[in-house]
Amino acid sequence: MARIAGVNIPTNKRVTIGLRYIYGIGPTKADEICRQLAIPEAKRVNQLSDEEVLRIRELIDKDYRVEGDLRREVAMNIKRLMDLGCYRGLRHRRGLPVRGQRTHTNARTRKGKAVPIAGKKKVTK
């Protein structure tokens, strides 16, 4: 099992798919890394030589911000917005959608499970 940027990459997947397990590397960056290092598209992670794994590791360390550093940067950006007290920061603080989505209905992902209002009964006719 290859270990790159502190993440165990699944051995039986193609290299471009396996690299996506690293936080901060998506489809485009994974393809870009493989192109830069001339790794064939069909090659699997378990077929990589130790030298190729080392080259991937060095390229990611040198050119990309991934895992802990990226998570810390995102958290600091959100904290900065909250400290400023701007609209987006207030939305983060209250756990509501930040990017203009409606909240009258939906928004359950951000708001959490619907809480029933005590004492309110359904009217039957």
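Projecting the Cα atoms of Gly100, Ile78, Tyr64 onto the charge dipole of the range 50-125, computed from C-beta unit charges around the Cα centre, puts Gly100 farthest toward the positive end.
Here r is the Cβ-Cβ distance between Cys86 and Val115 and R0 is 22 Å; the resulting FRET efficiency, rounded to 0.05, is 0.20.
I'd like the FRET efficiency for Gln101 and Val53, computed as 1/(1 + (r/R0)^6) with the beta carbon distance as r and R0 of 41 Å, rounded to 0.05. Taking R0 as 41 Å, the efficiency between Gln101 and Val53 is 0.50. Based on every Cα atom in the range 43-112, Rg and the maximum pairwise Cα distance Dmax equal 19.4, 55 Å. Each residue of the range 29-40 was assigned a 3J(HN,Hα) from its phi angle through the Karplus expression (A = 6.51, B = -1.76, C = 1.60, θ = phi - 60°), giving 5, 5, 5, 4, 4, 5, 5, 4, 9, 6, 9, x Hz with x at Gly and Pro. Over all pairs of different C-alpha atoms, the range 1-51 has a mean inverse distance whose reciprocal, the Kirkwood radius, equals 10.8 Å.
The magnitude of the dipole of the chain, with charges of +1 and -1 set on the Cβ of Lys/Arg and Asp/Glu and taken from the Cα centre, is near 1720 debye. Modelled this way, with points 7 Å down the Cα-to-C-beta line, the labels at Arg93 and Val7 are 3.3 nm from one another.
Altogether, the Stokes-Einstein calculation at 20 °C and 1.002 mPa s, with the Kirkwood radius of the chain over Cα pairs as Rh, returns a diffusion coefficient of 119 µm²/s. Here the Karplus curve 6.51 cos²θ - 1.76 cosθ + 1.60, taken at θ = phi - 60°, turns the phi angles of the range 90-98 into couplings of 5, 5, 4, 4, 7, x, 10, x, 9 Hz, with x standing for Gly and Pro. Here the Karplus curve 6.51 cos²θ - 1.76 cosθ + 1.60, taken at θ = phi - 60°, turns the phi angles of the range 100-116 into couplings of x, 6, 6, 10, 4, 10, 6, 6, 5, 4, 7, 7, x, 5, 5, 9, x Hz, with x standing for Gly and Pro.
Throughout, read-outs are computed from the coordinates displayed, never taken from laboratory work. What you are looking at is a predicted structure, and each value in this text was computed from that prediction instead of being measured. Virtual Cβ from ideal backbone geometry, glycine too; neighbours counted across all protein chains shown.
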